[in-house]
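Structure, as structure tokens:
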Amino acid sequence: MSKILIIIGVLILGFGGYFYLHYAGYYNYLKAHPQDNPSTESHYIVPSQNPARTITYMALGDSLTAGVGVTDFKQTYPYLVAQKLAVADQTVNLVNLGQPSATTDDLIKTQLPAVAKAQPDYITLLIGTNDIHNHAFASTFKTNFHKIIGRLVAQPKAKITVLTIPYLYSTKINFWPYDYELDYETQKFNQIIKDETTNFGLKYVDLYALTSEQFKGDSSLYSVDLFHPSASGYKLWGDLINAN
């Protein structure tokens with residue numbers, strides 16, 4: 001009996017050590033391959049040919065909205081969306097509020113006040129990745145997300161598009177079981193996003209469902225840190241948002 005207990009103990013320690021080292025290695029890899037934002041500016045004008053009016057589009061989120069992973073702000077998904085909004089007679093004032101490492105708490109504190117002040121015509125929301133990586137409780141995320149959506153729908157004229165948390169776990173740096181845990185948490189948080197968005201009657205684009213298979217199998221969609229998208233990855237998102 002004692003030998004069995006020892007074997008079980010060794011297996012538990014071995015598994016725990018593997019899990020911890022892989023978890024630490026994942027974040028060490030990200031830290032060793034830092035990415036810069038495409039620009040320190042957050043305001044861009046996307047012109048039209050014969051502008052009759054100007055609308056304001058505000059993009060809310062974290063580093064995925066800021067465009068970490070590319071060097072040209074025109075490669076970010078908010079800019080690609082703004083280009084679609086800039087029809088012949090409509091110029092777009094794009095305000096990208098995306099902040100690297102932002103969580104739902106950060107978005108509530110720093111981004112929602114800017115939205116209330118600007119009263120934009122169009123809003124996109126992509127948030128939750130850092131809540132997952134910071135081990136936020138699903139109940140906390142749900143409370144925060146409900147508050148965010150409630151504040152956004154209070155805007156008098158804004159058209160709102162909510163994006164689900166995309167799959168961003170390159171198989172080159174994510175191994176079992178950590179890849180499984182991250183994917184499980186992502187799907188759990190995405191269900192909250194879908195439920196809350198649907199309850200408020202808002203449009204959402206399911207980036208996870210639409211792009212997970214591509215991001216699992218195509219390394220060209222990742223930047224050098226193997227987490228943030230490359231220009232090709234952001235273009236894939238932008239095209240899907242514009243198509244939906």
Could you grab the pairs with beta carbons closer than 9 Å, sequence gap of 6+ or different chains, first residue in the range 194-211 and without any contact (Cβ under 8 Å) to a residue 40 or more places away in the chain and closer than 17 Å to HIS146 by Cβ, second one open to solvent by less than 60 Å² (accessible area, probe 1.4 Å) and among the aromatic types (Phe, Trp, Tyr)? none
On the basis of being modelled with pLDDT of 95 or more and either among the small types (Gly, Ala, Ser) or open to solvent by less than 30 Å² (accessible area, probe 1.4 Å) (or both), does LEU168 make the cut? no
Tally time: how many residues in the range 28-74 are modelled with pLDDT of 85 or more, part of a loop (DSSP other than H, G, I, E, B) and closer than 18 Å to VAL115 by Cβ? 1
Return the residue satisfying two criteria in turn: it lies in the range 75-105 and is in a helix (DSSP H, G or I) and either open to solvent by less than 30 Å² (accessible area, probe 1.4 Å) or without any contact (Cβ under 8 Å) to a residue 24 or more places away in the chain (or both), and of such residues it is farthest from LEU236 (Cα to Cα). THR104
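Residue by residue through the range 214-229, note down the ones that are more than 16 Å from THR65 (Cβ to Cβ) and touching a strand residue (DSSP E or B) at 6+ places or on another chain (Cβ under 7 Å). Give the steps one after another, and end with the answer.
As a first pass, look at the range 214-229 and keep what is more than 16 Å from THR65 (Cβ to Cβ): 214-222, 224-226.
Passing the criteria: LEU221, TYR222.
Inside the range 150-165, can you point out the residues that are closer than 17 Å to LYS194 by Cβ and either more than 16 Å from the chain's Cα centre (by Cα) or among the hydroxyl-bearing types (Ser, Thr, Tyr) (or both)?
Quick first cut of the range 150-165, residues closer than 17 Å to LYS194 by Cβ only: 150, 152-153, 160-165.
The answer is GLY150, LEU152, VAL153, THR161, THR164.
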I'm trying to understand the selection: among the residues of the range 176-205, which are surrounded by fewer than 18 Cβ atoms within 10 Å (Cβ to Cβ), at pLDDT 95 or above and among the acidic types (Asp, Glu)? ASP195
Of (1) in contact (Cβ under 8 Å) with a residue 60 or more places away in the chain; (2) of a type in the set (A, V, I, L, M); (3) surrounded by fewer than 23 Cβ atoms within 10 Å (Cβ to Cβ), LEU125 fails just (3)
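Could you count how many residues in the range 231-244 are in a loop (DSSP other than H, G, I, E, B) and modelled with pLDDT of 95 or more? Steps first, answer last, please.
If we filter the range 231-244 for residues that are in a loop (DSSP other than H, G, I, E, B), which is where we start, we get 244.
Now narrow it down to the ones that are modelled with pLDDT of 95 or more: none.
Count: 0.
The values are calculated or read from the model by the stated rules, or taken from the named source; none is laboratory data. Being a predicted model, the structure only gives us computed values, none of them experimental. Note that each Cβ is placed from the backbone with ideal geometry, even for glycine, and that neighbours are counted across all protein chains shown. Heavy atoms of the whole protein, side chains included, go into the accessibility calculation; ligands, DNA and RNA do not. Shrake-Rupley method; radii C 1.70, N 1.55, O 1.52, S 1.80 Å.
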